[in-house]
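Report on the following structure.
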Amino acid sequence: MSLLQNLKNAVRSRSIHVAYVNVGSCNGCDIEILACLSPRYDIEQYGIYVHNNPREADVLLITGAFSPQWEDKLKPLWDKIPHPKVAVAIGNCPISGCVFNRPETLVDPPVSKHIPIAAEIPGCPPRPTEIISTILSLAPIIFKDYEETKK
Amino acid sequence: MFSIIYYIREFLRPKWIATFFTAKTAPLTTPPYFRDFPVLTDKECTHCLACMMICPAPDAIVVVQREGVWRPEITKGHCIRCGLCIEACPEDVLASGRILVYKKEEKLTLKASFQIEIDQEKCMGCGNCSVACPVNREIDPALRSSGTSTSDEVIMRVDAGQNKVLHEEKCTGCKTCEENCSNKAIRVARVVEALQGGEE
């Protein structure tokens, strides 16, 4: 393993940029993501930085049950994120649609139909600790030795 | 002048420098009173379907028989952790957080009544609902796949190409029939009252 790869691993493990996108959620999960930023949970101590720009993001957090307006918007947004990248579904809505997935509603869950989802956090909403621990356990798997394993 | 020297002296203390650079918040633990996904206790499930009746999320809880024992199963990704199944269960089969404690303190019981509505224009008499109904199957195990039955005690049965409701009061409100109807012709409406302080 090259020295450059070691350096990249070290930097990436302490610098995870997160963008979140709400594809039609009730805002409950968004509030839980914002609670991660608060002093009680403080995600910046783990090197996670909420940077709401897909071009600079590593991790995309998706909340919501996928409303029709997002049909042509989520895929381009996902393509804008540079590699290595990973998408995490937060809450029940991107997984199953939960209480919104009823007859004669317009939502189109699961989100994994539209973009590849690496991890799902169940809960309505999930606890901030669950969100943080998921990102922290997922990031090493995806980002470690990315250039080596890509070949 | 003295205050500047005092500040410099204060901030050069090795202990202060060490805590400044290695500060971490305390490890986050889930408190014991957190209402997490319901877990099974060792009580026996009696297959009364009260948990399925009260559950607000589709497909979140089903009561299934595994190795001859009835037990509720929670689907993560559907369950919203509202805890209503724990409150509704008369046998305390499920537990989560402090719900069982306050349920006992307040002598909480749920009283429910149900109305089965069948849209006769949409109903094609396939009998899926009568066959799927867990109460029907218990009353008349010989219920045929077309939904017809010789028993008058079943909740509903197919009669002359139409589904007829015979005993609405036996319905437990599990809404299995709703999920199995291909035409969305059958609806179960529930009226639930929460009662505190024991039986009235």
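Read the figures in this text as sums done on the coordinates, not as results from a lab. Keep in mind it's a predicted model, so treat the numbers as computed, not measured. Positions of Cβ are backbone-derived with ideal geometry, glycine not excepted, and every protein chain shown enters the neighbour counts.
Out of B:Gly83, B:Gly97, report the one residue that is within 14 Å of chain A (Cβ to nearest Cβ) and in contact (Cβ under 8 Å) with a residue 60 or more places away in the chain.
After applying the criteria, what remains is B:Gly97.
Which members of segment B:1-20 meet the condition of being charged (D, E, K, R) and part of a loop (DSSP other than H, G, I, E, B)?
If the condition is that a residue be charged (D, E, K, R) and part of a loop (DSSP other than H, G, I, E, B), then B:Arg13 is the only one that fits.
Given (1) in contact (Cβ under 8 Å) with a residue 60 or more places away in the chain; (2) over 13 Å from the mean Cα position of the chain (by Cα); (3) within 14 Å of chain A (Cβ to nearest Cβ), identify the lone condition not met by B:Thr109.
(3) is the only condition that B:Thr109 fails.
Among the residues of segment A:68-75, is any within 14 Å of chain B (Cβ to nearest Cβ) and not in a helix (DSSP H, G or I)?
no
Being touching a residue at least 40 places away in the same chain (Cβ under 8 Å) and away from chain B (no Cβ under 11 Å) is the filter here, so list the residues in segment A:27-37 that pass it.
If the condition is that a residue be touching a residue at least 40 places away in the same chain (Cβ under 8 Å) and away from chain B (no Cβ under 11 Å), then A:Cys29, A:Ile31, A:Glu32, A:Ile33, A:Ala35 are the ones that fit.
Kindly indicate the residue of segment B:23-69 that is under 17 Å from A:Arg127 (Cα atoms) and of a type in the set (A, V, I, L, M) and also nearest to the other protein chains (Cβ to nearest Cβ) among those meeting that condition.
Checked segment B:23-69; the qualifying residue nearest to the other protein chains (Cβ to nearest Cβ) is B:Leu28.
So B:Ser130 passes all but one of these: (1) hydroxyl-bearing (Ser, Thr, Tyr); (2) buried (at least 18 other Cβ atoms within 10 Å of the Cβ); (3) within 14 Å of chain A (Cβ to nearest Cβ). Which condition number does it fail?
(3)
Within segment B:150-158, does at least one residue satisfy the condition of being under 21 Å from B:Lys111 (Cβ atoms), touching a residue at least 12 places away in the same chain (Cβ under 8 Å) and among the β-branched types (Val, Ile, Thr)?
Looking through segment B:150-158, at least one residue is under 21 Å from B:Lys111 (Cβ atoms), touching a residue at least 12 places away in the same chain (Cβ under 8 Å) and among the β-branched types (Val, Ile, Thr).
Looking at A:Ile131, is it buried (at least 17 other Cβ atoms within 10 Å of the Cβ), within 12 Å of chain B (Cβ to nearest Cβ), touching a residue at least 24 places away in the same chain (Cβ under 8 Å) and not in a loop (DSSP other than H, G, I, E, B)?
It is true that A:Ile131 is buried (at least 17 other Cβ atoms within 10 Å of the Cβ), within 12 Å of chain B (Cβ to nearest Cβ), touching a residue at least 24 places away in the same chain (Cβ under 8 Å) and not in a loop (DSSP other than H, G, I, E, B).
Rundown of residues vs (1) free of Cβ contacts under 8 Å to residues at least 12 places away in the same chain; (2) under 16 Å from B:Ile118 (Cα atoms); (3) assigned to a loop (DSSP other than H, G, I, E, B); (4) among the small types (Gly, Ala, Ser), yes/no style:
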| site | (1), (2), (3), (4) |
| --- | --- |
| B:Leu143 | no, no, yes, no |
| B:Ser146 | no, no, yes, yes |
| B:Glu179 | no, yes, no, no |
| B:Val191 | no, no, no, no |
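Could you grab me the full set of residues in segment A:76-123 that are within 12 Å of chain B (Cβ to nearest Cβ), assigned to a helix (DSSP H, G or I) and surrounded by fewer than 21 Cβ atoms within 10 Å (Cβ to Cβ)?
If the condition is that a residue be within 12 Å of chain B (Cβ to nearest Cβ), assigned to a helix (DSSP H, G or I) and surrounded by fewer than 21 Cβ atoms within 10 Å (Cβ to Cβ), then A:Val99, A:Ser112 are the ones that fit.
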